[in-house]
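Report on one structure; see the data block that follows.
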């Protein structure tokens, strides 16, 4: 589909969305400097601390999306599957909070003291707070299809790609001294969780999206993805002021 033309199929919606992701995510300073090994310990720690807030709030985001779903299994089960993964599928010690902790502790050993107690966490920055609020506020007024587009195309569609890039960047030799960074949280999401979550959402989106709402679905997806892009950009800018 040529740039600027209206999508005529769900495949073309995906293609347009991928072009948007390539433009607004991977070209921004956050990702370029991370991949280039340009971050110092201060930036690494700030990113790890701030993403802890985003990861901790993501179950709330999914819960808000489930509340916007149609009361039919076909709609809410894909999001409940995602939420169940966040909980480690009920296996003690396998929650995403624990998995994230393994990354956080490898970047910021002091987090062993504060991460178990939410009241002791470093303050959430404006960028993460804005991304979380954008998601939750949107779901309060969204139709089931709009909510599914926001989670599916607006997040899960590209999350594996973005988290894979973050994992790649974190493995830069400069970041592995004196102690290696544990990238399991990012690798698991990039290689397994996010592709599966998008497949569950896209099955509904392909079934329910028609020619009359391709544009609407794409616009919503860009809006939500844009908010997440601003989060990464904001985290990087906030870190420069420390």
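Since every read-out is calculated from the coordinates, none of them should be taken as a lab result. Because the structure is a prediction, the values reported are computed rather than measured. All Cβ positions, glycine included, derive from the backbone under ideal geometry; neighbour counts span all protein chains shown.
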If we ask which residues in the stretch 196-242 are farther than 13 Å from residue 17 by Cβ and not in a helix (DSSP H, G or I), their number turns out to be 3
Of the candidates 50, 15, 23, the one satisfying the condition of being free of Cβ contacts under 8 Å to residues at least 12 places away in the same chain and either part of a helix (DSSP H, G or I) or surrounded by 13 or more Cβ atoms within 10 Å (Cβ to Cβ) (or both) is 23
Filtering the stretch 26-36 down to residues that are farther than 25 Å from residue 223 by Cα and surrounded by 13 or more Cβ atoms within 10 Å (Cβ to Cβ) yields 35
Checklist line | residue 146 being within 21 Å of residue 95 (Cβ to Cβ) and touching a residue at least 40 places away in the same chain (Cβ under 8 Å) | finding: no
Restricted to the stretch 157-195 and to residues being free of Cβ contacts under 8 Å to residues at least 12 places away in the same chain and either outside any loop (DSSP other than H, G, I, E, B) or under 19 Å from the mean Cα position of the chain (by Cα) (or both), the residue farthest from residue 147 (Cα to Cα) is 176
